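J.: Before anything else, here's the structure in question.
Coordinate-derived values only; no laboratory data. Just so you know, these numbers come straight off a predicted model, no measurement behind them. With ideal geometry, Cβ positions are generated from the backbone for all residues, glycine too; neighbour counts draw on all protein chains shown.
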Amino acid sequence: MARYLSTVLAAASVCSARDIVFPPVSGIQHPLGGDYKAFEYEQEDISTAIYNGLMTYSNLPYVHCLANTTIESSEVEKYDIAILGAPFDTGVTARPGARFGPQGIRQGSRRISPEFSWNVYTGKNAFTQGLKAVDCGDAPLTVLDNTIALRQLDKAHRVVSSRKSSNATYSVPRIITLGGDHTTTLSALRSTYDHWGPVSVIHFDSHLDTWDPSVLGGGLSHYAGVNHGTFLHLAHEEGLLLNSSIHAGIRAPVSNPKYDLRNDKACGFHIIRARDIDRQGTQGVIEQLQKRTQGTKVYISVDIDVLDPAYAPATGTAEVGGWTTRELLTILDGLSGIEVIGADVVEVAPIYDNPGETTVLAAAEVVHSLVQLMADMPVKALHD
Ligand SMILES: [Mn+2]
């Protein structure tokens, strides 16, 4: 016992009781030098690491983009690509939960860091191509009134897109919204209209989302007609869209094939169905999307339910028979060169995810591909 105690006391005399002291490894210089037990805090770098600090998308710097909401104010740090959360899920027709989507997607992105992001397929790092990407946090939206919440989101988009850009050549920062249910895309399109006029939408989704409000919800009240299945119809009515838009991954049933599909066409859309990929391959899908939107500015909206529930179970209105995560990422990366003026990933409802975080990991990587598309092709605004 005495011998044991003296050993313990000897150990305690060279390091504090709870330090973990590793024996020297042959041939390896200990970072603290020969006398590695003489611990000097000055030598420890605590300036940067992933998994530290408050969580932002891909460990990007946080900027309080909504500070001092005088629109002309330019006092916040400049940026070119803004990640903006839209915690709103009271426009859904099935399972709620997407209000926690923004934090879910950030959680899924925590292993991505700007300095460790060279893509083995593209050979590029979206974060080091000259445009500054930041996380603006979430738009503060009331959970008790949809009309007010969407007006708050309209305003948040207007403020964030009106800040000074970091890159002198392109004056308008572009926004990638983390949804939120799909209704939130309407605010984003109102904002892109202000800077770029009407745009094409590439809409990845299992559902059409162009439903006439008189068919979906509007029969009940005007208020109920503004929801995650009608926002593209409303965007068309407001004149925000060009007639060169296209859906990709459609497979959910429609209520009336004649009316719904004719109405969809009238809203300016073509349709690529989910199973079309079996015949065309990813390359065929890429070519259709490019051809349809050629020569126009493009907004890309990704409803995570475009993926099969095997790849994205955590969503409100899951539809089986969808695309794989790899197929979607291949298609997105294949769109490099398109002028993307805004984008979003919506309908991520983390409560339905699994311990492996399948959905939020996929959503985070989809956002990464969207950042890459923006970095590849900076776009001038109408007044530039
Ligand atoms: Mn949708």
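J.: Residues in region 165-187: is at least one in a loop (DSSP other than H, G, I, E, B), aromatic (Phe, Trp, Tyr) and more than 30 Å from Glu237 (Cα to Cα)?
T.: No: zero hits.
J.: Something else now. Looking at region 166-225 only, could you name the residues that are farther than 24 Å from Arg292 by Cα and among the acidic types (Asp, Glu)?
T.: Hit for region 166-225 is Asp181, nothing else.
J.: Out of everything in region 272-299 that is out of contact with any helix residue (DSSP H, G or I) (no Cβ under 7 Å at 6 or more places or on another chain) and closer than 23 Å to Thr230 by Cα, what residue ends up being surrounded by the fewest Cβ atoms within 10 Å (Cβ to Cβ)?
T.: Arg273
J.: Mind checking whether some residue in region 43-60 is assigned to a loop (DSSP other than H, G, I, E, B), touching a residue at least 40 places away in the same chain (Cβ under 8 Å) and of a type in the set (Asp, Glu)?
T.: no
J.: Among the charged types (D, E, K, R), part of a loop (DSSP other than H, G, I, E, B) and buried (at least 18 other Cβ atoms within 10 Å of the Cβ): does that describe Asp135?
T.: no
J.: Taking Glu287 as meeting all but one of (1) over 20 Å from Met374 (Cβ atoms); (2) in a strand (DSSP E or B), write down the number of the exception.
T.: Condition not satisfied by Glu287: (2).
J.: Name the residues in region 331-384 that are of a type in the set (Ser, Thr, Tyr), away from the ligand (no atom under 16 Å from the Cβ), over 11 Å from the mean Cα position of the chain (by Cα) and buried (at least 18 other Cβ atoms within 10 Å of the Cβ), would you?
T.: Across region 331-384, the qualifying residue is only Thr358.
J.: Filtering region 179-229 down to residues that are more than 14 Å from Ser301 (Cβ to Cβ) and within 13 Å of the ligand (Cβ to nearest atom), which residue is surrounded by the fewest Cβ atoms within 10 Å (Cβ to Cβ)?
T.: It comes out as Leu216.
J.: Starting from region 339-360, take each residue that is over 19 Å from His157 (Cα atoms) and without any contact (Cβ under 8 Å) to a residue 40 or more places away in the chain and list its partners that are in a strand (DSSP E or B) and more than 16 Å from the ligand (Cβ to nearest atom), counting only C-beta distances under 9 angstrom and pairs at least six apart or across chains.
T.: Nothing qualifies.
J.: Sticking with this structure for a sec: crowded, with 16+ Cβ neighbours inside 10 Å and in contact (Cβ under 8 Å) with a residue 40 or more places away in the chain - does that describe any residue in region 67-75?
T.: no
J.: Restricting region 300-315 to residues that are surrounded by 24 or more Cβ atoms within 10 Å (Cβ to Cβ) and outside any strand (DSSP E or B), which is nearest to the ligand (Cβ to nearest atom)?
T.: Top of the filtered list is Asp305.
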